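K.L.:
Mind looking over this structure? Questions follow.
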Amino acid sequence: MISLIMAFLSLGTGSWGNVLINFALVAISGGLFLYSYYSGKYQRCYLITIVVIFLIVFPVMFFTSGGYRGGMPAFFVFAIIFTVLMLEKRRALIVSLLEILLYMGLCLVAYHFPDTVTPFATEADRLADILLAFVSVSIVCGSVLYFHLKEYNQQQLLLEEQNLRLRSLDNAKSTFLTTVAHEIKNPLSSISLHARDTSELLEEEPLDFSLMQENLRTIEQSVMRIDRIVLDLMDTVSIEQGRLALSLIPSDLSGLLYSVKKDYCSHPSSKNNQLVLTTQSGLPEISADPERLIQVVTNLISNAERHTQNGTIT
């Protein structure tokens, strides 16, 4: 846009060299814009912009547009600012320093060899060039810095939100691990206790097989409880990753509930609870994954068992 405005301004002053250079800049910058937009290769376009426009075209325009007496020094500032914005880390500092040295050298050449500079036809043309360069560079640089700062502030807000979310997830993870550790610790303690008790019973005479069998049943129940916890954890991971598969088939809900009750009644309740199953007769089949339903109901009964003493779970 700046080059297009400068080209039409140069038409009014009759500086045909500047007209051609500015129209060439319109074509180059427009082509680079489209190429970077569709290819995503921004760094390559940045490098071409710096080499072709900032290091070649700008020095040529400096000598065809009044030298340091025109508006080109403002565009030198424009070039240095955009070089720092476009390049990264050390490369930005090195290239911008080279540009500063180059532009200083151009001013010294124009000072010592004034014949190399094409002056403006009138003082009004020189003033117009200086004002247009000043206004254009101020608007463009100010706009770019405004949007950069706006984007930076938005990134800061997003970063703060992500940090809060991460802290929340970290707290949830800690709570989760504490809960899992507690859930596994109880059956492990039971296994350890009854295994030690069984080991001591084996050293006694006569052997009390009934008590040892009871210990083994308790150990088996604890192992099954740990197994359920591990399966629940694996299911949780599968759900989060979208990999939990359900095998939906026609299922008899009453039959499934009865099998859960039968399994529960085969292991006497440690808290002296009674499980009661009440179902309506003649219920139709449902489309479900039987294993998952059994798992859900078993977990619900396990929760009820944990919080009920000498009661009834219905």
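Quick note: the coordinates plus some simple rules give every number you see, no bench work behind them. Please read all numbers here as calculations on a predicted model, not as lab measurements. Cβ placement follows ideal geometry from the backbone for every residue including glycine, while neighbour counts extend to all protein chains displayed.
K.L.:
Sum -39500 (n - 2.57) across every DSSP H segment of at least 4 residues in the chain, then divide by the residue count to get the 222 nm mean residue ellipticity, nearest 500.
P.N.:
Values: 10 runs with 230 residues, N = 314.
After summing the helix terms and dividing by the residues of the chain, the value is -25500 deg cm²/dmol.
K.L.:
Separate question: Distance from a point 7 Å along Cα→Cβ of residue 97 to each backbone N in segment 11-55: keep the residues under 15 Å and list them by number.
P.N.:
none
K.L.:
How charged is the neighbourhood of residue 66? Take every other residue with its Cβ under 13 Å from the Cβ of residue 66, and add Lys/Arg as +1 and Asp/Glu as -1.
P.N.:
On the way: positive: 69, 126; negative: 123, 125, 129.
Counting the neighbours of residue 66, the net charge comes to -1.
K.L.:
List the residues, sorted by chain then number, that are 5 or more residues from residue 275 or on another chain and whose placed amide H is less than 5 Å from its amide H.
P.N.:
Amide H neighbours of residue 275: 313.
K.L.:
Work out from phi, with θ = phi - 60° and the Karplus expression 6.51 cos²θ - 1.76 cosθ + 1.60, the ³J(HN,Hα) of each residue of segment 240-252, listed in order in whole Hz, and give x for Gly and Pro.
P.N.:
After applying 6.51 cos²θ - 1.76 cosθ + 1.60, I find 4, 8, x, 10, 6, 9, 10, 9, 7, 9, x, 9, 8 Hz.
K.L.:
Quick check: the angle from helix 16-39's long axis to the longest principal axis of the chain, C-alpha only, nearest 10 degrees?
P.N.:
So the inclination is approximately 10 degrees.
K.L.:
Then there is this: Could you list 314, 308, 83, 218 so that the one with the fewest beta carbons within 10 Å of its beta carbon is first and the one with the most is last? Working shown, then result.
P.N.:
Details: 314 9, 308 16, 83 24, 218 21.
Going from sparsest to densest Cβ surroundings: 314, 308, 218, 83.
K.L.:
Here's a follow-up. Within a Cβ distance under 12 Å of residue 222, other residues only, what is the Lys/Arg minus Asp/Glu net charge? Write down the numbers at each step before the final one.
P.N.:
Numbers: positive: 185, 217, 225, 228; negative: 183, 220, 227.
The answer is +1.
K.L.:
If you don't mind, there's one more thing I want to ask. Which entries of 173/262; 150/173; 185/261 show an alpha-carbon separation above 32 angstrom in the structure shown? Can you show the working numbers first?
P.N.:
Working: 173/262 36 Å; 150/173 34 Å; 185/261 26 Å.
Too far apart for the 32 Å limit: 173/262; 150/173.
K.L.:
Pick out, from 174, 57, 189, the residue whose Cα sits farthest towards the positive end of the charge dipole of the chain, with +1 on the Cβ of Lys and Arg and -1 on the Cβ of Asp and Glu.
P.N.:
So the residue furthest toward the plus end is 57.
K.L.:
Among (i) 21.0, 65; (ii) 22.5, 83; (iii) 40.4, 124, which one is Rg and Dmax of the Cα atoms in Å computed from these coordinates?
P.N.:
Checking each listed value against the structure points to (iii).
K.L.:
Amide H of residue 288: which non-local residues (sequence gap of 5 or more, or other chain) have their own amide H closer than 5 Å, using H built in the peptide plane?
P.N.:
Answer set, sorted by chain and number: 249, 251.
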